[in-house]
Amino acid sequence: MSVPAILSLDRPFNAEHVSVVGKGGLLSRKDLRSVIERLGGSCAFSVTPNTTIIVTTGDPLPAEWPARVRRVMTEDELCLLAGLPDLDTLRTQYYSSRDLQGMYSGLRDDHLQYLQKWGLIRSVAGRYSFTDLHVVKAAAADLARGVSLNAILRAMIAERTGQLAFDFQPPRTDTPRARVVSLPPKRRDFAANIKADRTPERVEAIQNANYQLAAKYFLEGAELDDGDERNLDGAAASYRRALLFDPMLVPALVNLANIHYERDELVEADAIYEKSIRIDPECFEAYFNLGNIHHDLARYPEAVVAYREALAINPMYPEAHFYLAVTLEKLGRSPEARPHWQQYRELDPEGEFVELAKEFSD
């Protein structure tokens, strides 16, 4: 099968529908999706009638594929196109968490997780590069000497002038996003474009009809918005339909912004969260998620403001205390962070980062 080469250099998958086939690859689905979307394409893990490019991860290709397919490439070729190491390099020069734990006794998965969450190391396809070894080695040595993890993290952060600039960043699926799962009471002012010469009864009827349609599409979107990546396009489309009938429907705005955020489209997400706050200054979800964007972009003072606004609305949300504490630590404001570490522990005693919170709050 003869296929033309992709010509665009900056976003070679622009407007392409890329399907990944096979289960034998080295990159995770998360990494594959992030790479393909960073190159401008949409990603699916099955061949569809819209598929224009197939990436094979080592398993045999399907016997037939849609006529629109114009290129078939390997996982290795995808890595090369994205500027990632080739698969042999990933296998031989990058280290799995098990490799690192074999090299440095006392090192645990959660230690690596904390180092990565604080931007001190990074993983590619679940593996760590040679450049990360000095950080891991230093952390392991300090842990072996009995130095607390919080002291290690603080010392390492203090040595940095800023976050590492990564060539490849996986999507932020590990950062919690607050979703809106219920609709507010019906407003009587959203149909502002209704002609003024219509009777009050007619205006109310139109408002009711618009609200019912907006609610219908919002609930359709919320049902699709279940964490399955394959359903995100449908969820986003439903939220947009809801907003056609009620452009001021904050729950639809917030959840649509969350989809942009998950896809690393931070400019779009930022704008929609800001719009949500202008419409509803008491929208906890918009403030918290906006704080996450500021934090991801190392805009720490702005993140602190957003997290504090979120907690003023809902002081019982443990993740807001956690991320505010982390951000304050990165700014060197440990005394301000300590009560938020404590609040996180109290609100979520079985939380993912409760051990870290104990170290920082004790």
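The values are calculated or read from the model by the stated rules, or taken from the named source; none is laboratory data. Owing to the predicted nature of the structure, the values given are computational and were not obtained by experimental measurement. Positions of Cβ are backbone-derived with ideal geometry, glycine not excepted, and every protein chain shown enters the neighbour counts.
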Of all residues in the stretch 226-242 being more than 17 Å from S42 (Cβ to Cβ) and at pLDDT below 85, the one that is farthest from the chain's Cα centre (by Cα): D226
Within the stretch 118-156, tally of residues that are part of a loop (DSSP other than H, G, I, E, B), basic (K, R) and farther than 30 Å from A82 by Cα: 1
Entirely in the stretch 1-108, the helices (runs of 4 or more DSSP H) that have 3 or more residues that are modelled with pLDDT of 80 or more and buried (at least 17 other Cβ atoms within 10 Å of the Cβ): 29-38, 75-82, 97-103
Index of the failed condition, D233 passing every other in (1) buried (at least 17 other Cβ atoms within 10 Å of the Cβ); (2) farther than 19 Å from I279 by Cβ: (1)
Candidate set: the stretch 272-289, residues that are in contact (Cβ under 8 Å) with a residue 12 or more places away in the chain and surrounded by fewer than 21 Cβ atoms within 10 Å (Cβ to Cβ); chosen: the one nearest to A320 (Cα to Cα): F284
Condition check for L120: among the aliphatic types (A, V, I, L, M), surrounded by 18 or more Cβ atoms within 10 Å (Cβ to Cβ) and under 26 Å from G25 (Cβ atoms): no
Residues within the stretch 290-304 that are more than 12 Å from A325 (Cα to Cα) and hydrophobic (A, V, I, L, M, F, W, C), tallied: 4
Residue among G332, G351 that is touching a residue at least 12 places away in the same chain (Cβ under 8 Å), surrounded by fewer than 15 Cβ atoms within 10 Å (Cβ to Cβ) and not in a helix (DSSP H, G or I): G332
Positions within the stretch 30-45 being over 15 Å from E265 (Cβ atoms) and without any contact (Cβ under 8 Å) to a residue 60 or more places away in the chain, in sequence order: L32
From the options A196, A165, A192, residue that is small (G, A, S), modelled with pLDDT under 55 and closer than 30 Å to G83 by Cβ: A165
Residues of the stretch 236-259 that turn out to be surrounded by fewer than 20 Cβ atoms within 10 Å (Cβ to Cβ) and not hydrophobic (A, V, I, L, M, F, W, C), as a count: 3
Subset of the stretch 209-230 [in contact with an Asp or Glu (Cβ under 7 Å, 6 or more places away or on another chain) and surrounded by fewer than 24 Cβ atoms within 10 Å (Cβ to Cβ)]: N210, Y211
